Amino acid sequence: MTIYLNALGMICSLGATHSDIRQRLFAGDSGLRAGERHASDKVARIVGSITLPDEELPTADHLPLRERSRNNRVALAALAQIRTEVDTLIARFGQDRIGVVLGTSTSGIAEGEAAFRHYLAHGKFPLQFHYGQQELGSPAVALATTLGLSGPAYVHSSACSSSAKAMASAARLINMGLCDAVISGGVDTLCDFTIAGFSSLDSVSTERCNPLSVNRHGINIGEGAALFIMTSEATATAVTLCGWGESSDAHHISAPDPEGAGAMRAIRQALQRAAIAPEQIDYINLHGTATLQNDAMESKAIHQLFGAETPVSSTKSFTGHALGAASAIEAGLCWLAMQDDNAAGMLPPHLWDGQADPALPALHAVRIGESLGRQLRYVLSNSFAFGGSNAALILGRN
């Protein structure tokens with residue numbers, strides 16, 4: 001059965017509308033900025049914060065206390081962009097035939113952080129805190145509750161591959177006949193825990209991340225949400241989820257397999273499921289974290305499978321690494337690039353200092369303003385997570 005991504009709601013550091021995100025992406029205008037909000041040591045770090053201030057996010061007051069979190073409010077902001085289409089599907093298929101499958105890694109951890117600071121200062125937790133706000137399944141429950149859905153609703157939390165795996169799961173629900181439509185994607189928001197955690201691993205760069213460069217020093221944390229409406233019927237803006245692949249390295253708790261075996265296995269699965277050859281891929285959205293080990297592994301895998309000519313870029317220099325939402329946001333950027341209003345095939349550029357690491361296999365990093373001269377037909381988007389959890393998505397447009 002063919003699975004289509006029929007609509008996209010997205011909010012990230014590049015903006016909260018399709019036009020704003022697309023304009024800044026193709027112009028090479030990064031959404032990364034210095035900020036101290038989530039730095040316990042008050043050292044400004046480069047982060048990818050969403051552009052909407054908190055007071056302009058949708059309210060979560062209609063939800064039970066345990067589902068009220070900034071993370072869920074960001075998910076509701078993405079949902080608002082596709083709400084009309086979702087309501088139409090509910091009226092057509094029924095509340096029990098619509099699923100919600102999301103990826104996240106933070107959920108309401110920020111609310112837990114604030115609650116413990118209050119506890120240390122006052123000896124008790126604040127009234128607006130519920131420990132369930134931190135539960136990883138909360139975003140799916142929040143969306144299902146908001147929409148009155150009774151179909152499957154759950155969350156994947158496999159670090160940076162979470163929302164790619166969520167989209168693969170959503171496709172399986174439709175293929176198995178359990179759902180007629182699924183709202184799928186991911187949401188993750190900035191909090192002290194993730195920034196401090198990655199900083200303790202010496203993985204956070206004090207400058208804008210610099211993927212593939214000899215001068216790369218690590219990631220910048222980002223936040224945002226991207227939600228797709230997935231069905232077996234195409235609409236005018238539909239992009240096909242042609243294939244997906246999943247694998248597990250079981251190599252190390254945080255470091256990837258340096259040979260890229262698991263990454264290549266996931267990519268090959270996606271190509272096989274899509275029934276296309278590597279040379280048919282027009283563009284590759286790299287996982288591209290700008291860490292020493294990821295870029296080395298991924299460059300090796302991409303060069304071995306695709307050679308040095310296929311255009312590639314890491315869009316994390318625009319959005320930061322949105323962790324559990326990264327896969328969906330990056331698929332969303334590909335979805336935008338594949339729409340009819342990009343008939344010239346403008347490609348998401350690779351923002352870096354241009355100083356390639358000579359230890360890495362040569363790749364074709366996309367320049368600002370570079371285009372195919374025709375509409376994109378097939379793109380690959382990679383996601384490689386802690387613990388060797390690998391996922392690859394292939395999107396198509398006829």
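How would you order 253-262, 134-143 from highest to lowest mean count of nearby Cβ atoms within 10 Å?
Top to bottom by mean Cβ count within 10 Å: 134-143, 253-262.
Sorted by accessible area with a 1.4 angstrom probe, largest first, how do Thr237, Thr289, Thr146 fall?
The ranking, largest first, comes out as Thr237, Thr146, Thr289.
From the list [x] 19.7, 63; [y] 19.9, 60; [z] 44.1, 145, can you say which value of Rg and Dmax of the Cα atoms in Å was derived from the structure given?
Recomputing Rg and Dmax of the Cα atoms in Å here picks out [x].
Amide H to amide H under 5 Å from Ile3: which residues, 5+ apart in sequence or cross-chain, H placed 1.01 Å off N in plane?
Here Leu241 satisfy the definition.
How large is the convex hull of the Cα atoms of segment 125-261 per residue, expressed in Å³ as a whole number?
It is 187 Å³ per residue.
Using the basic label-point model (7 angstrom from Cα toward the beta carbon), what is the Leu178 to Thr206 distance in nanometres?
Going by the 7 Å Cα→Cβ label model, 4.8 nm.
Starting from the Kirkwood Rh over alpha-carbon pairs, what translational D in µm² s⁻¹ does segment 239-306 have by Stokes-Einstein at 25 °C and 0.890 mPa s?
194 µm²/s
Apply 1/(1 + (r/R0)^6) to the Cβ-Cβ distance of Ala362 and Asp341, taking R0 = 30 Å, and write down the FRET efficiency to the nearest 0.05.
Using R0 = 30 Å, I get an efficiency of 0.40.
For His122 and Glu55, what does the FRET efficiency come to when R0 = 30 Å and r is the distance between their Cβ atoms, rounded to the nearest 0.05?
Calculated transfer efficiency: 0.75.
Could you tell me what percent of the DSSP beta bridges with both partners in the chain are antiparallel, to the nearest 5?
Antiparallel bridges: around 65 percent, rounded to the nearest 5.
Any idea of Leu57's accessible area? Nearest 10 Å², probe 1.4 Å.
Leu57 has an accessible surface of roughly 10 Å² with all protein chains in place.
Give me D for segment 55-202 in µm² s⁻¹, whole number, from Stokes-Einstein with Rh from the Kirkwood sum over alpha-carbon pairs, 37 °C and 0.692 mPa s. Before the final figure, lay out the partial values.
Numbers: Rh = 16.0 Å.
Value of D from the Cα-based Kirkwood radius: 205 µm²/s.
How far, in nm, would the chain grow between Thr88 and His217 when pulled straight, counting 0.36 nm per residue and subtracting the alpha carbon separation?
41.8 nm
Roll a 1.4 Å probe over the protein chains and send me the accessible area per residue for segment 63-163 in Å².
Working: 4380 Å² over 101 residues.
Per residue, segment 63-163 has an accessible area of 43 Å².
Would you check the accessible area of Glu55, probe 1.4 Å, heavy atoms only, in square angstrom rounded to 10?
Roughly 150 Å² of Glu55 is accessible to a 1.4 Å probe.
Quick one: with all protein chains in place, what share of the accessible area of the chain is carbon or sulfur, to the nearest percent (1.4 Å probe)?
Roughly 53 percent, rounded to a whole number.
Can you give me the pair-distance distribution of segment 348-389, C-alpha pairs, 10 Å bins, whole percents?
Distribution as computed: 18, 39, 36, 6 percent.
In Å², and per residue, what accessible area does segment 200-318 have when probed at 1.4 Å with the other protein chains present?
Per residue, segment 200-318 has an accessible area of 37 Å².
Say each of Gln95 and Arg268 gets a label point 7 Å from the Cα, pointing the same way as Cα to Cβ; how far apart are those two points in nm?
Label at Gln95, label at Arg268, 4.7 nm between them.
Show me, bin by bin at 5 Å from 0, the whole-percent P(r) of segment 314-398 based on Cα pairs.
3, 12, 21, 22, 22, 14, 5, 1
The values are calculated or read from the model by the stated rules, or taken from the named source; none is laboratory data. A quick note: this is a predicted structure, and the numbers were derived from the prediction, not measured. Cβ: placed from backbone, ideal geometry, glycine included. Neighbour counts: every protein chain shown. Please note that ligands, DNA and RNA were not included when accessible areas were found on the heavy atoms of the full protein model with its side chains. Shrake-Rupley method; radii C 1.70, N 1.55, O 1.52, S 1.80 Å.
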